[in-house]
Amino acid sequence: MNLKQLDRRFLAREEAEDLEVVRSQGSFVFDARGKKYIDFLSGWCVGNFGWGNERARRVIARSKAPDYVYPYYLYRPWVELAQLLAEITPGKLRKCYRATGGSEAVDMALQLATIATGRKKFLAIEGSYHGNSIATIRVAQSSGRKVKPPLDESAAARVETILQKRDVAAFIMEPISCNLGVLIPEREFITRVSALCRRYGTLFIADEVACGFGRTGALFASEHFDLEPDILCMAKAITGGAAPMGATIVTPDVADAVDGEGGFYSTYGWHPLSVDVAIDNIRWIVKNQRRLLRGVSEMSDYIRDRLSEMKFKPPAKLRIKGMAIGVETGDEDYVDKITERCRKNGLLLTSSDNTLTMFPPLTLERETADDALDILERSLKSR
């Protein structure tokens, strides 16, 4: 059996693509045959700062952390990391809950909202994705209440109709929805919905698992709208992909409301090695934030200009915020073909319904960007 056949036999998941990854470095991924690909996925917003981060590897190699810390014991680096997150997140967020990744972080947020409000219903954006646990799947895809895009004044009015019943624990959304082809809400939508949540006693959960840590040109996407969420979820780029981690951070009001009722035991939440990497990563981000985000803005503008000159068929609508990039064409089959051609030509990106989605590393160099965009343009002309 070849590797793909063995994968299908022993791994329970959707069918894997024909790309066996053996190495990654900077903005590139290498397959088992030695072929190099420009990575415009970054592991879906995991490797925001490029792969093979030597700084993170040194941290792991030099770590003197214990192998494991029982969740009920004191551990100083947990407090240190929680304090760092409280300092960099928007609004009044202060108290952290430890998680292993995005799904667990969002699941905790939903539990916290239920306990804090005494309510059990949730409101989400139609078609959204917030994780793989039963709770996160339910709130995003099945029986939960939904608001259909576009996210404008009309959508905000529909939100009010739902919230005024005062039975919704929380409204949850990605402030910039990477999982909906880089769906960007109107500022008025966020402003009004945030006010409605306060009026009707509904908590606002910002899912920044994918769009956090500089992806959209701000440290957190909430900052584009001056949004001060009650709960914020993060994961993915919190360690730059060097170690697994997630976190849920809440305001003092939410923390006080659940005090004594929600300890949220997580066996591997904030494993000591992951904590060491996260602390180092966040300190680096803080130190280099201005330069990093300026570079994201400049590269975003450049990519926008290049994409606007390309001949998509049918004509495309660009949705770009920082290095979260969506190219909506209205033709799902066409987008799938472009994605496949790009992969064959050495560029990794993906599709979401009728939209090409790209999440390049925030540290992308101009020469690599040109090579990637040249591949995309050639792939548009292929037959």
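The values are calculated or read from the model by the stated rules, or taken from the named source; none is laboratory data. Since we're looking at a predicted model, the values are computed, not measured. A quick note on method: Cβ atoms are made from the backbone with ideal geometry, for glycine too, and the neighbour counts reach across all protein chains shown.
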**OP:** May I ask you to say which residue of Leu74, Leu93 is modelled with pLDDT of 95 or more and loosely packed, with under 15 Cβ neighbours inside 10 Å?
**Re:** Leu74
**OP:** Give me the pairs, please: first residue somewhere in segment 126-142 and part of a loop (DSSP other than H, G, I, E, B) and aromatic (Phe, Trp, Tyr), second residue anywhere and surrounded by 19 or more Cβ atoms within 10 Å (Cβ to Cβ) and modelled with pLDDT under 90, beta-carbon distance under 8 Å, and either six or more positions apart or on two chains.
**Re:** Tyr129/Ala140
**OP:** Determine the pairs where a residue that is exposed (fewer than 14 other Cβ atoms within 10 Å of the Cβ), located within segment 357-383, has a partner that is hydroxyl-bearing (Ser, Thr, Tyr) with Cβ atoms under 8 Å apart, the partner being 6 or more residues away or on another chain.
**Re:** Arg366/Tyr302
Subject >> Flag for Glu54 being surrounded by fewer than 18 Cβ atoms within 10 Å (Cβ to Cβ) and among the acidic types (Asp, Glu) >> reply: yes
**OP:** Test Arg343 against the stated conditions and say whether it is modelled with pLDDT of 95 or more and not in a strand (DSSP E or B).
**Re:** yes
Original post:
Restricting attention to segment 352-372, does a residue exist that is out of contact with any strand residue (DSSP E or B) (no Cβ under 9 Å at 6 or more places or on another chain), in a helix (DSSP H, G or I) and under 18 Å from Pro314 (Cα atoms)?
Top reply: no
Subject >> Residues that are of a type in the set (Lys, Arg) and touching a Lys or Arg at 6+ places or on another chain (Cβ under 9 Å), drawn from segment 305-335 >> reply: Lys311, Lys321
Subject >> Checking Lys165 against (1) surrounded by 15 or more Cβ atoms within 10 Å (Cβ to Cβ); (2) assigned to a loop (DSSP other than H, G, I, E, B); (3) not hydrophobic (A, V, I, L, M, F, W, C), the condition it does not meet >> reply: (1)
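A quick yes/no check of all residues on (1) out of contact with any helix residue (DSSP H, G or I) (no Cβ under 7 Å at 6 or more places or on another chain); (2) surrounded by fewer than 22 Cβ atoms within 10 Å (Cβ to Cβ); (3) among the hydroxyl-bearing types (Ser, Thr, Tyr):
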residue: Leu123; (1), (2), (3): no, no, no
residue: Gly127; (1), (2), (3): no, yes, no
residue: Gln141; (1), (2), (3): yes, yes, no
residue: Ala157; (1), (2), (3): yes, yes, no
residue: Phe171; (1), (2), (3): no, no, no
residue: Ser177; (1), (2), (3): yes, no, yes
residue: Arg187; (1), (2), (3): no, yes, no
Original post:
Which of the residues belonging to segment 263-311 are without any contact (Cβ under 8 Å) to a residue 60 or more places away in the chain and either crowded, with 19+ Cβ neighbours inside 10 Å or of a type outside the set (Ser, Thr, Tyr) (or both)?
Top reply: Gly263, Ser274, Lys287, Asn288, Arg290, Arg291, Arg294, Glu298, Asp301, Arg304, Asp305, Glu309
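What number of residues within segment 322-340 satisfy the criterion of being assigned to a helix (DSSP H, G or I) and either touching a helix residue (DSSP H, G or I) at 6+ places or on another chain (Cβ under 7 Å) or free of Cβ contacts under 8 Å to residues at least 12 places away in the same chain (or both)?
Going through segment 322-340 one residue at a time, the tally reaches 4.
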**OP:** Could you please give the count of residues in segment 331-351 that are within 17 Å of Pro314 (Cβ to Cβ) and touching a strand residue (DSSP E or B) at 6+ places or on another chain (Cβ under 8 Å)?
**Re:** 6
Original post:
So Arg158 fits all but one of (1) charged (D, E, K, R); (2) under 23 Å from the mean Cα position of the chain (by Cα); (3) in a helix (DSSP H, G or I); what number is the exception?
Top reply: (2)
Original post:
Scanning for something on the phi < 0 side of the Ramachandran plot and of a type in the set (A, V, I, L, M, F, W, C), does segment 267-275 turn up at least one residue?
Top reply: yes
**OP:** Note down all Cβ pairs under 9 Å where the first residue falls in segment 66-92 and is not assigned by TED's automatic domain parsing to the domain that holds Phe220, the second is at pLDDT below 95, and they're at least six residues apart or on different chains.
**Re:** none
Subject >> Residue list for segment 194-203, filter: in contact (Cβ under 8 Å) with a residue 12 or more places away in the chain, under 25 Å from Leu85 (Cα atoms) and surrounded by fewer than 24 Cβ atoms within 10 Å (Cβ to Cβ) >> reply: Ser194, Cys197
Subject >> Where Tyr68 falls short, out of the listed (1) in contact with a Pro (Cβ under 8 Å, 6 or more places away or on another chain); (2) more than 19 Å from Phe171 (Cβ to Cβ); (3) surrounded by 17 or more Cβ atoms within 10 Å (Cβ to Cβ) >> reply: (3)
